[in-house]
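Note sheet for the following structure.
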Amino acid sequence: MAFTDELRAAAEPIWDAQLEHPFVRGIGDGSLEENRFANWVLQDYRYLKEFARVFAWAAAKAERLESMMWYATVLDLTLNTEMDLHRQYAARFGLSPDDLEAAPMWPTTRAYTDFLVRTAADGDMADLVAALLPCAWGYVHVAKHLAEVGGPEDQRYADWIAQYASEEFAQAADWLKGEMNRLAEGTTADKRDRLKNTFLLSSRYEWAFWEMCWHGEAWPV
Amino acid sequence: MGFSTEQLQRVQPVWDRILSHRFLQQTRDGVIPQETFANWMRQDYLFVEAAIPFIAALMPRAPLEHRQALGGSLPVLEKELELFKERAKKVGVDLEDVEPSFVNHAYVQFLLASAYTKSYAGAFTVLYVAEKAYYDSWMVVRAGIDHESIWFPFVENWTSDAFRGWVDFLQTSLDELADGVGAGERREMATLFELTARYELAFWEMAATGSGWPGLDEEVA
């Protein structure tokens, strides 16, 4: 059994809970209110900035040239392509680049991105990939599930599903899974337990991110 | 006016809520339920464990005149862990296999991400606010708690002359650091100041409510 299969099995209840989350279901059947989705657009933009930082750490820490090139490419794509696409996509919800830049980072976004950046900074490559994987793989998983159960009429949601269910995103997730399996090979049982724990934590943050976007969030004071 | 005083005034609404928090008042008045205090113990034990790498991560960038004090704080934290273990044994609290709550996890990631990605002055700001909040908080408790209380050793720890001296050192040093940075970095320090204060408040609230990981604990823990 591949290590990523073990990770997936351990996270099954959390991943299932993501598919059942009203925010995710709302994208799938098109019933999600626009203001709730706008929360995602704004917070995901903040998330992407930090996500890019994690790829920069990965490029710096990668021990193989092939890995270094892959992380550097994803870093470039995130900063120079995906964030621009995100700005264009945001405009379809009436959100300007200024709105994206001015949006405060909500507590869950901060907690999740701090966790990723911290793990990238003080962990090794295996820790870093275990922390990244639930986002990269999880979005493909969610989008493919939504694509299978039918498409929403709202083209904006249909495009969202199509983007994350695309071959390009699926290949990226598969590459990272391969990297995870390679990095986990030959490690001790203790190390694999710690990687599993990291994977579960990021999975939980993924669920919490949907929850945050569904309800909206603010600091208590 | 020094930076620390200026910032304490700016975040006074948050600080007032920290110092008037029911967790502190109930502990002071001897009416806090044992399980509530035990919940704080379990979570704070994990927090102190994480504070050690946080301070250690500041060391390589610390100016020479800070190194002795920062280095000296590490064995003090180790002693704090011993205090937790001793009290836990005495009152029958299990500190083994405790999972961090969402707030605790987020706060710890914030500490470590600050250490790795912010300037030394920025990360030092986080350290000061966390310690200052603890000193002020436990002084509130000290004002009324029965010295025979089973919780009094914790109060003694964070209201001692030694701890006050540490906080004074941090305050003086923070003011000096703030005097030596530009306006942009000072603004960043102010943001970190406020965020840390918010986390301190959130930590007491988490301790009082026993909140774990929102949404998921009941369903898929």
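The values are calculated or read from the model by the stated rules, or taken from the named source; none is laboratory data. Just so we're clear, the structure is a prediction, and the values are computed from it rather than from any experiment. Cβ: placed from backbone, ideal geometry, glycine included. Neighbour counts: every protein chain shown.
Quick notes on this one:
- Within the stretch B:170-189, considering residues that are over 16 Å from the mean Cα position of the chain (by Cα) and closer than 30 Å to B:Phe84 by Cβ, the one surrounded by the most Cβ atoms within 10 Å (Cβ to Cβ): B:Leu174
- Qualifying positions in the stretch A:81-100 - without any contact (Cβ under 8 Å) to a residue 12 or more places away in the chain and acidic (Asp, Glu): A:Asp84, A:Asp98
- For the stretch A:14-41, a tally of residues being within 13 Å of chain B (Cβ to nearest Cβ), crowded, with 18+ Cβ neighbours inside 10 Å and of a type in the set (A, V, I, L, M) returns 2.
- Subset of the stretch A:182-208 that is surrounded by 15 or more Cβ atoms within 10 Å (Cβ to Cβ) and among the charged types (D, E, K, R) - its residue that is nearest to the other protein chains (Cβ to nearest Cβ): A:Arg204
- B:Thr209 being out of contact with any helix residue (DSSP H, G or I) (no Cβ under 8 Å at 6 or more places or on another chain), within 11 Å of chain A (Cβ to nearest Cβ), closer than 22 Å to B:Val14 by Cβ and among the β-branched types (Val, Ile, Thr): no
- Among the conditions (1) within 14 Å of another protein chain (Cβ to nearest Cβ); (2) closer than 21 Å to B:Leu127 by Cβ, the only one that B:Ala62 does not satisfy is (1).
- Residue ID - nearest to the other protein chains (Cβ to nearest Cβ), chosen from residues in the stretch B:95-146 that are among the polar types (S, T, N, Q) and surrounded by 21 or more Cβ atoms within 10 Å (Cβ to Cβ): B:Gln109
A quick yes/no check of all residues on (1) within 14 Å of chain B (Cβ to nearest Cβ); (2) buried (at least 16 other Cβ atoms within 10 Å of the Cβ):
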{"position": "A:Gly94", "(1), (2)": "no, no"}
{"position": "A:Glu101", "(1), (2)": "no, no"}
{"position": "A:Thr113", "(1), (2)": "yes, yes"}
{"position": "A:Met125", "(1), (2)": "no, yes"}
{"position": "A:Val129", "(1), (2)": "no, yes"}
{"position": "A:Ala147", "(1), (2)": "no, yes"}
{"position": "A:Asp154", "(1), (2)": "no, yes"}
{"position": "A:Ile161", "(1), (2)": "no, yes"}
{"position": "A:Glu168", "(1), (2)": "no, no"}
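- With respect to (1) at pLDDT 95 or above; (2) more than 16 Å from A:Met180 (Cα to Cα); (3) buried (at least 17 other Cβ atoms within 10 Å of the Cβ), the lone exception for A:Ala11 is condition (2).
- Within the stretch A:66-80, one or more residues are at negative phi, more than 14 Å from chain B (Cβ to nearest Cβ), in contact (Cβ under 8 Å) with a residue 24 or more places away in the chain and in contact with a Phe, Trp or Tyr (Cβ under 6 Å, 6 or more places away or on another chain).
- If the condition is being in a helix (DSSP H, G or I), over 19 Å from A:Ala121 (Cα atoms) and small (Gly, Ala, Ser), then the stretch A:56-103 contributes A:Ala90, A:Ala91, A:Ala102.
- Any chance B:Pro53 is within 14 Å of chain A (Cβ to nearest Cβ) and over 18 Å from the mean Cα position of the chain (by Cα): no
- Against the test of being within 14 Å of chain B (Cβ to nearest Cβ), touching a residue at least 24 places away in the same chain (Cβ under 8 Å) and more than 15 Å from A:Glu6 (Cβ to Cβ), the options A:Glu179, A:Glu211 yield a single qualifying residue, A:Glu211.
- When each of A:Asp44, A:Asp84 is tested for being of a type in the set (D, E, K, R) and at pLDDT below 90, the lone residue that passes is A:Asp84.
- Considering only residues in the stretch A:59-92 that are crowded, with 19+ Cβ neighbours inside 10 Å and out of contact with any helix residue (DSSP H, G or I) (no Cβ under 6 Å at 6 or more places or on another chain), the one that is nearest to A:Asp154 (Cα to Cα) turns out to be A:Trp70.
- A:Asp44 among the acidic types (Asp, Glu) and more than 13 Å from chain B (Cβ to nearest Cβ): yes
- Residues satisfying the stated conditions in the stretch B:119-176, i.e. over 24 Å from B:Asp16 (Cβ atoms), outside any helix (DSSP H, G or I) and hydrophobic (A, V, I, L, M, F, W, C): B:Ile150
- 1 or more residues modelled with pLDDT under 95 and farther than 24 Å from B:Ala207 by Cβ: qualifying helices (runs of 4 or more DSSP H) within the stretch B:1-103: B:34-58, B:64-91
- Unmet requirement for B:Glu35, which otherwise passes all of (1) touching a residue at least 24 places away in the same chain (Cβ under 8 Å); (2) within 27 Å of B:Ala115 (Cβ to Cβ); (3) surrounded by fewer than 15 Cβ atoms within 10 Å (Cβ to Cβ); (4) not polar (S, T, N, Q): (2)
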